[in-house]
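Questions regarding the structure given below will be posed in turn.
The values are calculated or read from the model by the stated rules, or taken from the named source; none is laboratory data. Keep in mind the model is a prediction, meaning the values are calculated, not measured. Every residue, glycine among them, receives a Cβ derived from its backbone with ideal geometry; neighbour counts consider all protein chains shown. Just so you know, the surface numbers come from the protein's heavy atoms only, side chains and all, with ligands and any DNA or RNA stripped out. Shrake-Rupley method; radii C 1.70, N 1.55, O 1.52, S 1.80 Å.
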Amino acid sequence: MTYSVLVVDDEAVIRARLKGYFEKEGYRVVEAADGEQMWYEFNRQHIDLIMLDINLPGVDGLSLTRELRSRSHVGIILVSGRDESIDKIVGLEMGADDYVTKPFELRELLVRVKNLLWRISLVKQAELAVAEELSQPDDVISFEGYQLELNSRKLRHGDVLIKLTKAEFELLAAFALHPQQVLSRERLMQQTSHRNLDVNDRTIDVIIRRLRNKLDTELFVTIHGEGYLFAAKVDD
């Protein structure tokens, strides 16, 4: 299988360097100099992974990452000339899968790309497993006045439809299918199709914080040193 990589960088020399190296390694490489070109290339063909420079003219890489993640599950590796932890944290929270700083070793970048594509393949397997579990005949779980519709992937509270991201829905479904049980962060990650395996603790914490903001915060109980417990009484 030939993977397609989109390199987004306003420096032509860097684009040419990455294109030459990754094509020799068997990848198909597409180039873009800014966000506008990125969207043009992204929308007209299949892309498996994007190497995205943060400091782009016009819309910056962090904003593009957030929009990409809201539309797609494509792999995203952010590239920056600044080696500051806050940039990495913000980038990962925006939805990036990995983060590298310039100057970088091409061999190291290749390893990161291979690892990310491998994790994406695991995600696809997890999505199939999650979809199978959520497609059982009883597709509505009711708890504390909420109705979680598994097949249609919707959450309602009375007549109000509560919008959930894919990650939020999958995590809530995992909780609702295992009420009154302590679930470790590792197990919660396995129950979802999120692929940031190397930052799973932080990822799960962020998603649960968002769920607490959208639902009754007391439904999600932190069990220190063990994980989380879904305290809701699920109707039979």
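Residues are listed down the side, and each one gets a yes or a no for (1) over 19 Å from Leu215 (Cα atoms); (2) among the charged types (D, E, K, R); (3) out of contact with any Cys (no Cβ under 9 Å at 6 or more places or on another chain); (4) at pLDDT 90 or above:
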{"site": "Pro137", "(1), (2), (3), (4)": "yes, no, yes, no"}
{"site": "Gln147", "(1), (2), (3), (4)": "no, no, yes, yes"}
{"site": "His157", "(1), (2), (3), (4)": "no, no, yes, yes"}
{"site": "Val160", "(1), (2), (3), (4)": "no, no, yes, yes"}
{"site": "Thr165", "(1), (2), (3), (4)": "no, no, yes, no"}
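Here's the yes/no breakdown for (1) open to solvent by 40 Å² or more (accessible area, probe 1.4 Å); (2) of a type in the set (S, T, N, Q); (3) in contact with a Pro (Cβ under 7 Å, 6 or more places away or on another chain):
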{"position": "Leu18", "(1), (2), (3)": "no, no, no"}
{"position": "Tyr27", "(1), (2), (3)": "no, no, no"}
{"position": "Gly35", "(1), (2), (3)": "no, no, no"}
{"position": "Asn43", "(1), (2), (3)": "yes, yes, no"}
{"position": "Leu68", "(1), (2), (3)": "no, no, no"}
{"position": "Val90", "(1), (2), (3)": "yes, no, no"}
{"position": "Gly95", "(1), (2), (3)": "no, no, no"}
{"position": "Val113", "(1), (2), (3)": "no, no, no"}
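Taking the condition at pLDDT below 90 and more than 16 Å from Leu229 (Cβ to Cβ), does Asn115 pass?
no
So which of Val13, Val30, Val90 is among the β-branched types (Val, Ile, Thr), touching a Leu at 6+ places or on another chain (Cβ under 9 Å) and in a helix (DSSP H, G or I)?
Only one candidate qualifies: Val90.
Within segment 176-189, can you find the residues that are over 21 Å from Lys233 (Cβ atoms) and surrounded by fewer than 18 Cβ atoms within 10 Å (Cβ to Cβ)?
Matches in segment 176-189: Ser184, Arg185, Glu186, Arg187.
Just checking, how many residues over segment 45-58 are surrounded by 20 or more Cβ atoms within 10 Å (Cβ to Cβ) and more than 19 Å from the chain's Cα centre (by Cα)?
1
Does Ser63 satisfy the condition of being under 25 Å from Gln190 (Cα atoms) and either under 18 Å from the mean Cα position of the chain (by Cα) or of a type in the set (A, V, I, L, M, F, W, C) (or both)?
No.
Among the residues of segment 171-189, which ones are modelled with pLDDT under 90, closer than 18 Å to Arg212 by Cβ and not aliphatic (A, V, I, L, M)?
Once the filter is applied, which keeps residues that are modelled with pLDDT under 90, closer than 18 Å to Arg212 by Cβ and not aliphatic (A, V, I, L, M), segment 171-189 yields only Arg185.
Would you call Gly91 under 18 Å from Arg15 (Cα atoms) and without any contact (Cβ under 8 Å) to a residue 60 or more places away in the chain?
Against the criterion (under 18 Å from Arg15 (Cα atoms) and without any contact (Cβ under 8 Å) to a residue 60 or more places away in the chain), Gly91 does not qualify.
Still on this structure, please answer the following. Would you be able to tell me the number of residues in segment 97-111 that are open to solvent by 30 Å² or more (accessible area, probe 1.4 Å), modelled with pLDDT under 90 and not charged (D, E, K, R)?
Residues flagged as open to solvent by 30 Å² or more (accessible area, probe 1.4 Å), modelled with pLDDT under 90 and not charged (D, E, K, R) within segment 97-111 amount to 2.
Taking segment 121-135 as the search range and keeping residues that are open to solvent by 20 Å² or more (accessible area, probe 1.4 Å) and of a type outside the set (Gly, Ala, Ser), which one is modelled with the lowest pLDDT?
Glu133
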